[in-house]
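Undergrad: My structure is below; once you've seen it, I'll send some questions.
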């Protein structure tokens, strides 16, 4: 089992680089977030060199699922594992450029039919669909610089370099913000994170076993 890249020519054709990150060309409307390898590498390091957390042993078959820009072998074994990130602020009503950015994104995502707190519902959804042995694990990455080690600092940097990619489509479509307004908002949010923003970037992992 591995996570090596393949079909690089096709992957390059289906994506493009902006602001130092790679984005999908064919699914930009549905997935306006970066799809490059860097986040995958950092999360694998956070998960202690594991591709997944579900207790999968001796799989009888391996299914290749194209995820992002890589073709990574995901051992299913009757398990489903879901990962996502969300921002948890200690004081959501605080007046700072970062808090303002999060509020604007929450408004835009709500108008787009998306939920910023969707990861909080993964466990309940798996239960509703009949999965068993459901486990939820949270990795809290401090937004305040004082609480980060080197790995967590790299994760925050990787996340913040993609703010424009997360934001352009949603803020233009639902809040009418132009390119310059979005760039300035994201830059201000990044600068604010160098101060004492109280809260966490929560990386949430939920997995469950298919019954039977």
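Undergrad: Just to be sure, is residue 205 surrounded by 13 or more Cβ atoms within 10 Å (Cβ to Cβ), touching a strand residue (DSSP E or B) at 6+ places or on another chain (Cβ under 9 Å), in contact (Cβ under 8 Å) with a residue 12 or more places away in the chain and more than 22 Å from residue 110 (Cβ to Cβ)?
TA: Answer is yes for this residue.
Undergrad: If you don't mind, another one. When the residues of segment 89-100 are narrowed to those that are out of contact with any strand residue (DSSP E or B) (no Cβ under 9 Å at 6 or more places or on another chain) and part of a loop (DSSP other than H, G, I, E, B), which ends up modelled with the highest pLDDT?
TA: For segment 89-100, the residue satisfying everything is 96.
Undergrad: Does residue 187 satisfy the condition of being closer than 29 Å to residue 45 by Cα, modelled with pLDDT of 95 or more and out of contact with any strand residue (DSSP E or B) (no Cβ under 6 Å at 6 or more places or on another chain)? Let's see the steps before the verdict.
TA: On the way: closer than 29 Å to residue 45 by Cα: yes; modelled with pLDDT of 95 or more: yes; out of contact with any strand residue (DSSP E or B) (no Cβ under 6 Å at 6 or more places or on another chain): yes.
It is true that residue 187 is closer than 29 Å to residue 45 by Cα, modelled with pLDDT of 95 or more and out of contact with any strand residue (DSSP E or B) (no Cβ under 6 Å at 6 or more places or on another chain).
Undergrad: Something else now. Of the residues 154, 190, 103, which single one is assigned to a helix (DSSP H, G or I) and within 12 Å of residue 87 (Cβ to Cβ)?
TA: The conditions single out 103.
Undergrad: Name every residue in segment 35-54 that is under 28 Å from residue 133 (Cβ atoms) and not in a loop (DSSP other than H, G, I, E, B), in order of residue number. Steps first, please.
TA: Quick first cut of segment 35-54, residues under 28 Å from residue 133 (Cβ atoms) only: 39-40, 42-54.
Passing the criteria: 39, 40, 42, 43, 44, 45, 46.
Undergrad: Could you check segment 165-186 and list, in sequence order, the residues that are within 19 Å of residue 96 (Cβ to Cβ) and in a helix (DSSP H, G or I)?
TA: 166, 167, 171, 175, 181, 182, 183, 184, 185, 186
The values are calculated or read from the model by the stated rules, or taken from the named source; none is laboratory data. Note that the structure is a prediction, hence the values are computed from the model and not measured. Positions of Cβ are backbone-derived with ideal geometry, glycine not excepted, and every protein chain shown enters the neighbour counts.
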